[in-house]
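Values quoted throughout were computed directly from the atomic coordinates according to the rules given, and no laboratory measurement underlies them. The structure displayed is predicted, hence computed values, not measured ones. Glycine also receives a Cβ, built like all others from the backbone with ideal geometry; neighbour counts cover every protein chain displayed.
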Amino acid sequence: MTQTAFQQKTSMLAVTNLSVSRGEHLLIDGLSFRLAPGDTLWVAGSNGIGKTSLLKCIAGLLRPEGGTISWNGLDIYKSSPTDTGYQGHQDSHKPNLTAIENLQFWQTVYKSSLKTDDVLEKVGLSAQMGLRAKNLSAGQSRRLSLARLLMRKASLWVLDEPAAAMDVRGRKIIRTLVADHVENGGCVLIASHTAPEKIGANTRVLTLNGGEDVQV
């Protein structure tokens, strides 16, 4: 991977010589990169290349074969990060609770000062706040997952296919949320099959199947 000017900056997230396996198959070997406040990093690559496994490692949900992942200088597997928000493929709502009841639950868990009505409005779910999660469409369910992410108020967002099942409006909401987050000093890691686009002042693309870490 090429050394970039970005990699000289003080970082929040540092991934060093990372190796990731699935079963006996080595997916990623010797991967290093950094993320600092205001950065957006798109992770690209073909199906099965290891994008989801990489994101799970960074979120602390999967242990790598080797290498280190540190957050503000601390190994995440020795000092679990509380400043990371993860949106995976599974939305993990409580199906019989309404959208707003789900969000109120997470508001309590995260001890968040944000208002649930305001957060649902940001993700375009005000009209659906009284619907049970199991009755939401796939795109609406993804929006509720984004609302949970906002409620956590984490500095690092780790997003795995956030636009899956989203319509045009939903994709615009994601872009706006990410742009606001990095403008306010957060950083975002996104794995997506959609074409990477520049969001914020420092946007890069990391291609896992042999490509370079390049500026957008």
Checklist entry - Pairs, please: C-beta under 8 Å, at least 6 apart or cross-chain, first residue over 16 Å from A195 (Cβ atoms) and in region 166-181, second part of a helix (DSSP H, G or I) and aliphatic (A, V, I, L, M)? => result I173/L146; L177/L146; L177/L150
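On the basis of being part of a strand (DSSP E or B) and either in contact with a Lys or Arg (Cβ under 7 Å, 6 or more places away or on another chain) or not small (G, A, S) (or both), does R148 make the cut?
No, not satisfied.
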Item to check | Filtered residues of region 120-130 (kept if closer than 14 Å to R142 by Cα and either of a type in the set (V, I, T) or assigned to a loop (DSSP other than H, G, I, E, B) (or both)) | outcome: V123, G124, L125, M129
Next on the checklist: Could you list, ordered by first residue, the pairs with Cβ atoms under 8 Å in which the first is in region 190-202 and within 18 Å of A36 (Cα to Cα) and the second is part of a loop (DSSP other than H, G, I, E, B) and acidic (D, E), at least 6 apart or interchain?
Outcome noted: A191/E161
Checklist entry - When you scan region 94-116, how many residues do you find that are buried (at least 16 other Cβ atoms within 10 Å of the Cβ) and not in a loop (DSSP other than H, G, I, E, B)? => result 11
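Based on what the data block shows, is T52 part of a helix (DSSP H, G or I), surrounded by 16 or more Cβ atoms within 10 Å (Cβ to Cβ) and of a type in the set (S, T, N, Q)?
Spelling it out, T52 is indeed part of a helix (DSSP H, G or I), surrounded by 16 or more Cβ atoms within 10 Å (Cβ to Cβ) and of a type in the set (S, T, N, Q).
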